[in-house]
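Engineer: The structure that follows is given in the form of structure tokens.
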Amino acid sequence: MFLKLEFQEHKLSSAGLSSATRYLLGILITVLSAALAFVIIRSEKAAPDLATLATNKLNLSGVENPVTAVLLNFRSYDTLLEIAVLLIVAVSILPDRLPIPAATAKIQFLSNMHPHSVNPVLVGLLKWLIPLAIVMGGYLLWTGAYTPGGAFQAGAVVAGAGVALSLAGHHRFIWQTASVRISLSLGLLMFVMVAAANAIITGTTLQYPTPYAGSFILIIEVAATVSIAATLLLLFTQLKAMVEFTMKGNNQ
Amino acid sequence: MTQDLLYSIAGIVLFGIGLFGVIAAAHIIRKLIAINIMGIGVFMVLLATARHGTITDPLPHAMVLTGIVVAVAGTALCLWLALQIHQLDNTTSKDQPQ
């Protein structure tokens, strides 16, 4: 069985390497690490040209936090592709082959599985924790313009609320609904739409005009937060469902 | 020895531990954890070398933020593939008898 296989004792020593090879490998990697450390200690730090450049141009970016400015304005191409990577992973993990649970007339994203076997302490905690996590996500999203924070941090916190709900065991997320697919792709769609609108108005795709840069970044970040939260939650719940599915199959 | 240097060296040590794990471990999940440790070591070095006295270079920070998200997505995809391998032939380790 998958979970039992993981940490069996005889697995610790293998990979087909003899103990002499392992020692040799250990020595080689120690030498490599020492060489890397030596290089880092000896090397002069590069002059912070880009750092001063980014700081000097900060007033053109529409935000006050240099990291957000780099992520969503100066190097927004990277962020666009990153959101595309997230969407690709989400699509490859979406449950096409898992059975649709208990066909109902109207499938809801969040459904209550065992409304009668509820642990009151757990529910009491979650009633505080989940709204708090969502508010925290909104705060992180907003504050990203001025101090560390932004779409990724906010998305991770909101996804954390969903993970807590999923681990509590009373609810399950059903990813076959259409709204889910919209929220998974919203970030990329909005990013591309902003870029296209910008291209029509100014003639460049991701070079925002300074007066509107702040609003463009906010629009993209709100959409990206929704997508990132949905993707991270999908990854967690799907892997959990898949492991449970596998274990059930092995027990029969 | 400055604080940045300490972080850089800790990052390199993590990288080394991860590299050993990737090569020496047999189980897919062990390899995956080792790759993640390697990645965290690289992130630490990037963050530590981004500091120039009072100025902090925002570029490596943005790069690490991107890297973390991509690493999470990649890890999830690898776990998914590991589960598929397990379902297909019931093995999760390359030297495990079938």
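The values are calculated or read from the model by the stated rules, or taken from the named source; none is laboratory data. The model shown is predicted, which means the values in this text are computed figures rather than measured ones. Cβ placement follows ideal geometry from the backbone for every residue including glycine, while neighbour counts extend to all protein chains displayed. Side chains included, ligands, DNA and RNA excluded: accessible areas come from the protein's heavy atoms. Shrake-Rupley method; radii C 1.70, N 1.55, O 1.52, S 1.80 Å.
Engineer: Go through (1) under 15 Å from A:Tyr208 (Cα atoms); (2) open to solvent by less than 70 Å² (accessible area, probe 1.4 Å) one by one and return the number of the condition A:Arg75 breaks.
Structural biologist: (2)
Engineer: Checking the condition in contact (Cβ under 8 Å) with a residue 12 or more places away in the chain, within 30 Å of A:Leu184 (Cα to Cα), part of a helix (DSSP H, G or I) and in contact with a Gly (Cβ under 9 Å, 6 or more places away or on another chain), which residue from B:Ile35, B:Ile29, B:Ile85, B:Ile12 passes?
Structural biologist: Numbers: B:Ile29 fails: in contact with a Gly (Cβ under 9 Å, 6 or more places away or on another chain); B:Ile85 fails: in contact with a Gly (Cβ under 9 Å, 6 or more places away or on another chain); B:Ile12 fails: within 30 Å of A:Leu184 (Cα to Cα).
Within the list B:Ile35, B:Ile29, B:Ile85, B:Ile12, the selection yields B:Ile35.
Engineer: Moving to a separate point now. Could you tell me how many of the residues in the range B:30-51 are within 23 Å of B:Ile85 (Cβ to Cβ) and open to solvent by 30 Å² or more (accessible area, probe 1.4 Å)? Even if it seems obvious, please write down each step before you answer.
Structural biologist: At the first step, the residues of the range B:30-51 found to be within 23 Å of B:Ile85 (Cβ to Cβ) are B:30-39.
From what is left, the residues that are open to solvent by 30 Å² or more (accessible area, probe 1.4 Å) are B:30-31, B:33, B:35-38.
So the answer is 7.
Engineer: Would you mind stating whether A:Ser215 is of a type in the set (S, T, N, Q) and modelled with pLDDT under 90? So that I can check it myself, show each step before the final result.
Structural biologist: Working: of a type in the set (S, T, N, Q): yes; modelled with pLDDT under 90: yes.
So A:Ser215 fits the description; yes.
Engineer: Taking only pairs six or more apart or across chains, which ones have beta-carbon atoms under 8 Å, a first residue in the range B:45-66 that is more than 9 Å from chain A (Cβ to nearest Cβ), and a second residue that is of a type in the set (Val, Ile, Thr)?
Structural biologist: That search, which allows pairs on different chains as well, returns B:Leu46/B:Val64; B:Leu47/B:Val64; B:Pro60/B:Thr49.
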